[in-house]
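In what follows, a structure is listed as structure tokens, so that the remarks can point back to it.
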Amino acid sequence: MINLTINRTANGGERGLLNPGQDGLVKNNMEKLTFYSLSSPEKLDRIGEYLFQRASRDINRRRNGFVVIAMEAMDQLLVACHAQTLNLFVESFLKMIQKLLESSDPQLQILATQSFVRFANIEEDTPSYHRRYDFFVSKFSSMCHNDNSNIDLRDKIRMAGINGLQVSIV
């Protein structure tokens, strides 16, 4: 089994999926995780839950760089996994999106919306009409009415809200 833990290094950095010397995911470790997920799809729910728990802690600690990396890992797994195994992972993925949208950080809200749009554009063999998107529609609507004093940020938030609504409805 691939070790999903993120270990502390001697200098206080972290390693595992993360590389303290570079921004983003460690490509080799992400490839191993993707291969493991594809060869053991029954483990996808546990992998998703682990990434969600890890990112939730990082959100609370305001370690947004690690949150972005966890979301990037979830996005890559979402794209790599086959449609029939996707349902095992989607619950954690949507919980992660909701957690990011509930954040007070506009950048995390925009990141969540971008990931939701990518998710919504994945074609499923059998659409899951039972999924509840009420929260997402409500949040995307409120993002469309954002009144941030920074005009550029306000426009980005509003555009993200419009994009989120568009894929929720279509």
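The values are calculated or read from the model by the stated rules, or taken from the named source; none is laboratory data. Since we're looking at a predicted model, the values are computed, not measured. Every residue, glycine as well, gets a Cβ built from its backbone with ideal geometry; the counts of neighbours run over all protein chains shown. Heavy atoms of the whole protein, side chains included, go into the accessibility calculation; ligands, DNA and RNA do not. Shrake-Rupley method; radii C 1.70, N 1.55, O 1.52, S 1.80 Å.
Output the qualifying pairs, or none if there are none: Cβ atoms under 6 angstrom, residues six or more apart or on different chains, first residue in the range 31-51 and in a helix (DSSP H, G or I), second residue open to solvent by 70 Å² or more (accessible area, probe 1.4 Å).
From the range 31-51, the pairs are Leu44/Leu88; Asp45/Leu88.
Mind listing whichever residues of the range 98-109 are surrounded by 22 or more Cβ atoms within 10 Å (Cβ to Cβ) and of a type in the set (A, V, I, L, M, F, W, C)? Working first, answer last.
First, the residues of the range 98-109 that are surrounded by 22 or more Cβ atoms within 10 Å (Cβ to Cβ): 100-101, 109.
Residues satisfying the conditions are Leu100, Leu101.
Please go through the range 24-64 and pick out each residue that is surrounded by fewer than 18 Cβ atoms within 10 Å (Cβ to Cβ) and aromatic (Phe, Trp, Tyr).
Phe35, Tyr36, Tyr50 - these are the residues of the range 24-64 that are surrounded by fewer than 18 Cβ atoms within 10 Å (Cβ to Cβ) and aromatic (Phe, Trp, Tyr).
For the range 145-170, how many residues meet the condition of being among the hydrophobic types (A, V, I, L, M, F, W, C), crowded, with 17+ Cβ neighbours inside 10 Å and within 17 Å of Phe119 (Cβ to Cβ)? Before you say what the answer is, go through the steps one by one.
Pass one, the range 145-170, residues among the hydrophobic types (A, V, I, L, M, F, W, C): 151, 153, 157, 159-160, 162, 165, 167, 169-170.
Narrowing the set further to residues that are crowded, with 17+ Cβ neighbours inside 10 Å leaves 157, 160, 165, 167.
This time we only want the ones that are within 17 Å of Phe119 (Cβ to Cβ), so: 160, 165, 167.
Looking only at that region, the number is 3.
Which numbered condition trips up Val79, out of (1) in a helix (DSSP H, G or I); (2) open to solvent by 60 Å² or more (accessible area, probe 1.4 Å); (3) out of contact with any helix residue (DSSP H, G or I) (no Cβ under 8 Å at 6 or more places or on another chain)?
Val79 satisfies all of (1) in a helix (DSSP H, G or I); (2) open to solvent by 60 Å² or more (accessible area, probe 1.4 Å); (3) out of contact with any helix residue (DSSP H, G or I) (no Cβ under 8 Å at 6 or more places or on another chain) except (3).
Can you name the number of the only condition in (1) in a helix (DSSP H, G or I); (2) open to solvent by less than 60 Å² (accessible area, probe 1.4 Å) that Ile122 fails?
Condition (1) is where Ile122 drops out.
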